[in-house]
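See below for the structure under consideration.
None of the figures in this text is laboratory data; all of them are computed from the coordinates on show. Being a predicted model, the structure only gives us computed values, none of them experimental. Here Cβ is always computed from backbone atoms with ideal geometry, including for glycine, and neighbour counts include all displayed protein chains.
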Amino acid sequence: MRLIDITVPLRDGMPIYPGEPEVILTRAHSLARGDASNVSRLDMGCHSGTHIDAPVHFTEGAPDADDIPLDPLIGDVRVLDLTDAVGTIDAAALERARLPRRIQRVLLRTRVERPWDHPDPEQSVRLDEGGARRLLDAGVRLVGIDDLSVGDLAAHRLLLRQQVVTLEGLDLCVVAPGRYELLCLPLRIEGSDGAPARALLGVG
């Protein structure tokens, strides 16, 4: 099976969602400074780069990142072409993209081009509440997107309260619409509202 890495590389100063903590990568120990080894320090928010949201992100007392079940993160996934959507992904846009009647995992490829390199709020494309409800009707347990956020506030709350895993900040630039195998493993962080993840698609 050929693997496609759809994870955004973490790097110092990379774009983040407005208001989130910056990503700062520094050398705590350095061979060049005479230390015995190179040791890096990473300061960042848990919603930086490719990451999952936990239900507690919007609901106090809800499950945290350590409580996320792994089975929605591994298995058959459909990449949908939403490159014609502008601004919002509603139920009609999902129908045009041929959302299956029953599906557990979907990834939304939008018109956004590498938002982690050159973020442009005018290009941002996200689910609205109607789109989120359409995904729930289809039985979706995981939805991912190549934007910095999967949806507006109403969509976020609706999906997370139904225990749908939201996977944000993907690199889908070279991924064609179709069926793949998803392997996504978030960091196990107790008490956190989100967790950075490594996400891969398997082909063949």
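Here are the numbers for this structure:
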{"read-out": "More than 12 Å apart - percent of Cα-Cα pairs taken over region 155-204", "value": "72 percent"}
{"read-out": "GluC sites (Glu not before Pro) restricted to DSSP loop in region 5-102 with at most 13 other C-beta within 10 Å", "value": "GLU22, GLU60"}
{"read-out": "Rounded to whole Hz, the Karplus (6.51, -1.76, 1.60) HN-Hα couplings of region 128-145, x for glycine and proline", "value": "9, 4, x, x, 4, 5, 5, 5, 4, 4, 7, x, 5, 10, 9, 10, x, 8"}
{"read-out": "Sparse-neighbourhood loop sites, trypsin sites (Lys or Arg not before Pro) in region 127-204 - DSSP loop, at most 15 other Cβ within 10 angstrom", "value": "ARG188"}
{"read-out": "Pairwise centroid distance, computed over Cα atoms, of region 134-194 with region 1-59, Å", "value": "19 Å"}
{"read-out": "Magnitude of the charge dipole, the chain, Cβ model with Lys/Arg +1 and Asp/Glu -1, debye to 20", "value": "700 debye"}
{"read-out": "Sorted by Cβ neighbour density within 10 Å, fewest at the top, the residues LEU99, LEU185", "value": "LEU185, LEU99"}
{"read-out": "Which of PRO72, ALA54, ALA28, positive extreme of dipole for region 26-134 (C-beta unit charges)", "value": "PRO72"}
{"read-out": "Distant-in-sequence amide H partners of THR7 (H built 1.01 Å from N, under 5 Å)", "value": "ASP171, ALA199"}
{"read-out": "Within region 20-114, trypsin sites (Lys or Arg not before Pro) in DSSP loop having at most 11 other beta-carbon neighbours inside 10 Å", "value": "ARG98, ARG101, ARG102"}
{"read-out": "Per-residue ³J(HN,Hα) for region 60-77, Karplus 6.51 cos²θ - 1.76 cosθ + 1.60, θ = phi - 60°, Hz, x for Gly and Pro", "value": "4, x, 6, x, 9, 4, 6, 8, 5, x, 7, 4, x, 8, 9, x, 4, 9"}
{"read-out": "3J(HN,Hα) from dihedral phi, region 79-87, Karplus parametrisation 6.51/-1.76/1.60, rounded to Hz, x for glycine, proline", "value": "8, 9, 8, 10, 5, 8, 6, 10, x"}
{"read-out": "Footprinting exposure proxy for HIS29, HIS47 (fewest neighbouring C-beta atoms within 10 Å first)", "value": "HIS29, HIS47"}
{"read-out": "Order of CYS173, CYS46 - criterion: other Cβ atoms within 10 Å of each residue's Cβ, fewest first", "value": "CYS173, CYS46"}
